[in-house]
Each structure stands twice: as structure tokens, then as C-alpha cells.
Amino acid sequence: MQVANANPHVSITFRNENITDALRDFVQKKVSSLHLDYPKIIDVKVILDVHKNNHLAEIILYCANHITIDASSRTEDMYTSINETVSKIARRMRKQKTRLLRKNKSSKKREATSIKYLDEKVFNDLALDHPEEAEKDPEPVIIHRENYQLKTMLKEDALMELELSDKPFLLFRNERRDVLQIVYRRNDGEYALVPVPE
């Protein structure tokens with residue numbers, strides 16, 4: 001966890017108008033106020049857009065452990081939009097951090113049996129049409145190929161990244177155990193961790 005400001009690089013894009021020094025300083029000050037109790041911020045992108053009386057402020061934080069946090073606000077004043085966007089990011093991070101810490105504490109108290117390990121295979125239609133051949137353990141069918149960047153991280157960081165995204169699951173290499181694992185959301189809102197055979 002970051003305990004001091006790392007002075008991340010902040011790139012500011014101002015669409016449709018020129019940015020003033022006062023506004024640039026305000027953005028820098030607001031971003032630097034996000035440094036305590038958050039994952040280490042590596043890079044920040046700020047997009048400011050003015051269209052008539054609509055002032056849009058969007059902030060994207062690229063943090064350590066492959067965590068990306070973004071929020072945006074649209075008001076009639078750019079300073080208000082920036083304040084609201086920074087508040088949204090701060091609230092989201094506090095909420096996610098609290099939930100993650102609470103789940104980690106409760107999971108340490110529970111035994112390892114609370115994590116469900118599934119051995120699941122998907123077979124093609126031939127296995128259903130010829131049950132006698134199904135006993136020979138037919139080859140699973142590849143349903144969909146997708147490029148996926150495999151990340152090495154701690155289980156806690158994988159949970160945090162999954163919480164901050166809309167993905168249904170996350171495949172990662174466990175940094176402590178050096179094994180592939182999938183963490184996913186269950187229907188009851190809890191998480192399950194599945195080992196992946198290599």
C-alpha cells in the first residue's frame with residue numbers, strides 16, 4: 001500500500017478549449033490528494049471536455065498490481081465536475097478496499113473447504129450421441145479463443161481487480177504459489193478460486 005505521494009505522471013487533455021494554469025494546478029492538487037490508503041498510483045489521465053454548459057471531467061488512474069480505476073462527472077462547472085469525479089474515485093476505492101479486507105478476514109477464519117474446486121469439461125455433441133464412446137473420455141471442445149494477458153499477482157490483488165471490473169472471472173498466476181488460478185463471482189456474491197492444471 002502506498003503511504004506517501006509517489007507524484008505520478010498526470011496527463012491532462014482539454015477538449016474544445018485551452019486549459020488555464022489555474023485549472024491545471026487544481027487538477028494536479030486534486031490528484032495528489034488521492035495518495036493515502038490507496039494502491040500506488042502510477043499514471044493518471046484526466047480528460048476535460050466542455051460542450052455548451054456541459055462540463056465533463058473524466059479521471060483514469062492506472063495503479064500498481066494492474067488496477068485501473070476510472071470515474072466521470074458532468075455538471076455546469078468544470079471545478080465541480082473535477083471535485084465530484086475525485087470523490088467518486090475515492091469512495092469506490094474505500095468501498096472496494098473495505099470489502100476486500102472484510103472478505104479476507106472472514107475467509108481466514110473459515111476453513112479451506114469453503115472454496116469450491118471444480119473439475120469441469122465441455123464435450124461436443126458426439127459424446128451425447130454415442131454414450132459408449134463417452135466412456136473413452138473424449139476431447140473437450142474449445143468454445144472461444146481470446147487473447148488474454150496473463151498477470152502474476154497475489155490472490156488479494158486479483159480479488160481487488162475483479163471487484164473493480166465488470167469481468168465475470170480473472171485468470172492469473174498466483175505470485176506466492178506460482179500456479180495458475182481463476183477467481184470468479186458466484187451467484188451468492190461470494191468468490192471462488194479454481195486451480196488451473198498446467
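For the stretch 162-190, the set of residues classified as in contact with a Leu (Cβ under 6 Å, 6 or more places away or on another chain) and either among the hydroxyl-bearing types (Ser, Thr, Tyr) or closer than 19 Å to Lys97 by Cα (or both) consists of Leu162, Leu170, Val183, listed by residue number. Does Lys108 fit the bill of being surrounded by 16 or more Cβ atoms within 10 Å (Cβ to Cβ), in a helix (DSSP H, G or I) and modelled with pLDDT under 85? Here the answer is no, as Lys108 does not meet what is asked.
Note on the stretch 43-71: residues that are surrounded by fewer than 16 Cβ atoms within 10 Å (Cβ to Cβ) and not in a helix (DSSP H, G or I) amount to 8. Only one of the numbered conditions (1) among the charged types (D, E, K, R); (2) modelled with pLDDT of 80 or more; (3) more than 27 Å from Tyr184 (Cβ to Cβ) is violated by Arg91, and that is (3). When Ile19, Ile47 are checked against the criterion of being over 23 Å from the mean Cα position of the chain (by Cα), at pLDDT 80 or above and not charged (D, E, K, R), a single residue qualifies: Ile19. Within the stretch 173-195, the residues that satisfy the criterion of being in a loop (DSSP other than H, G, I, E, B), at pLDDT 85 or above and farther than 14 Å from Glu156 by Cα are Asp178, Val179.
The values are calculated or read from the model by the stated rules, or taken from the named source; none is laboratory data. Please read all numbers here as calculations on a predicted model, not as lab measurements. Cβ coordinates were reconstructed from backbone atoms using ideal geometry, including for glycine residues, and neighbour counts include every protein chain displayed.
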